[in-house]
Amino acid sequence: MARPEQSISTANPRLEYLAEWLRGRRRAAGLTHREMAEKSGHAFSATTFSRATSGDRIPRLPVVEAYARACGAPAGQARRLWRAARWAEHRRRNPGAREPKPDRVYDRDQLGEALRQLYYKAGAMSAGEMERRAGGHGELPHSTVLRMLAGRTVFDLAQFLAFLRVCDVTDGVEWERWRSAWFRVRSHEAVERMAEHLSRTHEASARNRRDARDRNNPGPEATATPPWPPAAPPGEEPPTPHPRRPQPYPAVSLAMPRNRRRR
């Protein structure tokens, strides 16, 4: 005969609800933890299933899903309860945590912050687990997820949509809100690139006009007479100019008019 389960002791009401829901599914199925381990193909042990509903800590998502499947319960419902418990725990540890609002996203930084908020609301599973759930064919590499969480990159569209699927964003309205946010950011970046290109083009044109004006109108320095004697190269004495002898004025014969007598 199986031992009676201990009471659930946790300060997280969402975790308590998850544990009670899982226990209720097991009782309805009439299974022991050992039988559940056998039904799961021994993916997890009986001890792991027993600890999953103790309330000591939030179990890993694969354990919760395997627990529900072994009892014939919907894994999707178990996953939603697990995400709620993880989000409640995150908000307890981080009072400033906020709900993601994709409608207020307009640039790259805002998109990254909203995706990080979505990541924690979806349970903050490991990057490797996210890669596996995205398909395992490079659709959402775990390294890219880690860089996004660190604020060093932004997903391309395929990675972005895979991230939404893994985070269980399946509602059509919510999906479209996130998709619109991604396209707004890309449009904003395209406008910024165009503005930067136009600014560089304007600067280059202004510089060319200044250069042409300087060539056509040289300053006084460009037309000044070079000094004489020319400056000596470094390390040499300047040349001594040859003394100039004074040149005498050319002889000028002064013809004095003679006084002619009047006859």
How big is the gap, in Å, between the Cα center of segment 57-98 and the Cα center of segment 150-207? 31
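Assuming 0.36 nm per residue, please report the length gained on full extension of the stretch residue 146 to residue 91 beyond their Cα-Cα distance.
The residue 146-residue 91 span can extend by a further 17.7 nm.
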Identify, among 85, 135, 190, the residue whose Cα sits farthest towards the positive end of the charge dipole of segment 74-210, taking +1 on the Cβ of Lys and Arg and -1 on the Cβ of Asp and Glu, with the dipole about the Cα centre. 85
To the nearest 10 square angstrom, what accessible area does residue 201 show with a 1.4 Å probe? 70
Once phi for every residue in segment 82-88 is put through the Karplus expression 6.51 cos²θ - 1.76 cosθ + 1.60 (θ = phi - 60°), the whole-Hz ³J(HN,Hα) values, with Gly and Pro written as x, are 4, 4, 5, 5, 5, 5, 5
Quick one: pull the percent of accessible area on segment 36-91 belonging to carbon and sulfur, 1.4 Å probe, ligands and nucleic acids left out. 45
Heavy atoms of residue 82 accessible to a 1.4 Å probe, total area in Å² rounded to 10: 10
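In debye to the nearest 20, how big a dipole does segment 63-202 give about its Cα centre with +1 on each Lys and Arg Cβ and -1 on each Asp and Glu Cβ?
Its charge dipole is roughly 400 debye.
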What is the dipole size for segment 133-202, taken about its Cα centre, with +1 at each Lys and Arg Cβ and -1 at each Asp and Glu Cβ, in debye to the nearest 20? 200
Between residue 215 and residue 80, what is 0.36 nm times their sequence separation minus the Cα-Cα distance? Round to one decimal in nm. 41.2 nm
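The values are calculated or read from the model by the stated rules, or taken from the named source; none is laboratory data. A quick note: this is a predicted structure, and the numbers were derived from the prediction, not measured. Ideal geometry is used to build each Cβ from the backbone, glycine not excepted, and the neighbour counts take in all protein chains shown. SASA here: full protein model, heavy atoms, side chains in, ligands and nucleic acids out. Shrake-Rupley method; radii C 1.70, N 1.55, O 1.52, S 1.80 Å.
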